[in-house]
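One structure below.
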Amino acid sequence: MFRVVIVGAAGRMGRRLVANVLDAADCELAGATEIVGSPFLGSDAGELAGCGHCGVAVGDDLAAAVKNADVVINFSTGGVIEATRTATSAGCAAVIGTTALEDGEKRQLRQMADQGARIVFAPNMSVGVNLLFHLCREVAGILGEDYDIEVIEMHHNQKKDAPSGTAVRLAEVICEAHDWEYDEVVRNGRAGLVGARTRNEIGMHALRGGDVVGDHTVIFATGGERLELTHKASSRDTFARGALRAARFLMTAEAGLYDMQDVLNLRERK
Ligand code: NAD
């Protein structure tokens, strides 16, 4: 039985994480935190998640919460590096799902791992999406550079960052397959007189609307045909279940910075 703290417990993902932890047979909810000043401080985390009273109140003191925990799962939209430092310096593993971390912040995660922390960081924790990363790498390698590649993502109208972390990762995977530099080839949207499409570019398009949980399509188009690979998430539970799988993986992992390719053992199948 491992003990889990959820950071950002009142958020859309935080509530599904709490619900999935309460539902799982092999873990228990040891704590739930929110940002200082949140109107949800003091609320019962289970009630917020729609699962009934669980006896864990949402607090703002992560350092106190981690004393009683094995792993911290963090899909919050702020203070991720500080929270990860608090968790890992207390000996907890950390699962981070927050997207839009800066390069400098990712470097700090790497440094923490080099100093002995166990961390899974993945912009998308769904099993299907991680297979999509794997398939895109394969398909890009097989089709070669004769195919124009475009990435389209759609998310709900409250999403703050664009393009999604998953769309960025899809483009990164394709860049790795083609030996391209991300910053040189990715075109975020197109507007105005941009001229004909160049050969080595990846178009990125972010759609926002309604309550869409997360759709991603990668299009490979050439004269006479196009191949489209699509993943659609219909519930946030897919990410929450993936995060719990990552937490289980960390319970026996060595120190390191991992992603879902490691958790799902897809890296060796490259
Ligand atoms: P949300 O706005 O509904 O929830 C974020 C929560 O974090 C809020 O309750 C906010 O108060 C809390 N928060 C902000 N700063 C905090 C701090 N310093 N300490 C504690 N709590 C803090 O957002 P969401 O839709 O739940 O998404 C959250 C993040 O997860 C986003 O970055 C999103 O892109 C990402 N996400 C990742 C995956 C994945 O599989 N990796 C899936 C879905 C969403």
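The values are calculated or read from the model by the stated rules, or taken from the named source; none is laboratory data. Source: prediction; values computed, not measured. Here the Cβ positions follow ideal geometry from the backbone for every residue, glycine too, while neighbour counts run over all protein chains shown. Side chains included, ligands, DNA and RNA excluded: accessible areas come from the protein's heavy atoms. Shrake-Rupley method; radii C 1.70, N 1.55, O 1.52, S 1.80 Å.
Quick notes
- Against the numbered list (1) assigned to a loop (DSSP other than H, G, I, E, B); (2) surrounded by 15 or more Cβ atoms within 10 Å (Cβ to Cβ), Glu153 comes up short only at (1).
- Of everything in the range 169-184 that is within 23 Å of the chain's Cα centre (by Cα), away from the ligand (no atom under 11 Å from the Cβ) and not acidic (Asp, Glu), the residue that is farthest from Ala221 (Cα to Cα) is Tyr182.
- Close pairs from the range 61-77: first polar (S, T, N, Q), partner open to solvent by 40 Å² or more (accessible area, probe 1.4 Å) and part of a strand (DSSP E or B), Cβ under 8 Å, at least 6 apart: Asn68/Arg3
- Residues of the range 1-33 classified as of a type in the set (Asp, Glu) and either within 12 Å of the ligand (Cβ to nearest atom) or under 21 Å from Ser234 (Cα atoms) (or both), total: 1
- Residues (within 14 Å of the chain's Cα centre (by Cα) and part of a helix (DSSP H, G or I)) located in the range 103-130: Lys106, Val127, Gly128, Val129, Asn130
- Some residue of the range 227-235 being away from the ligand (no atom under 14 Å from the Cβ), open to solvent by 80 Å² or more (accessible area, probe 1.4 Å), in a strand (DSSP E or B) and over 21 Å from Leu135 (Cβ atoms): no
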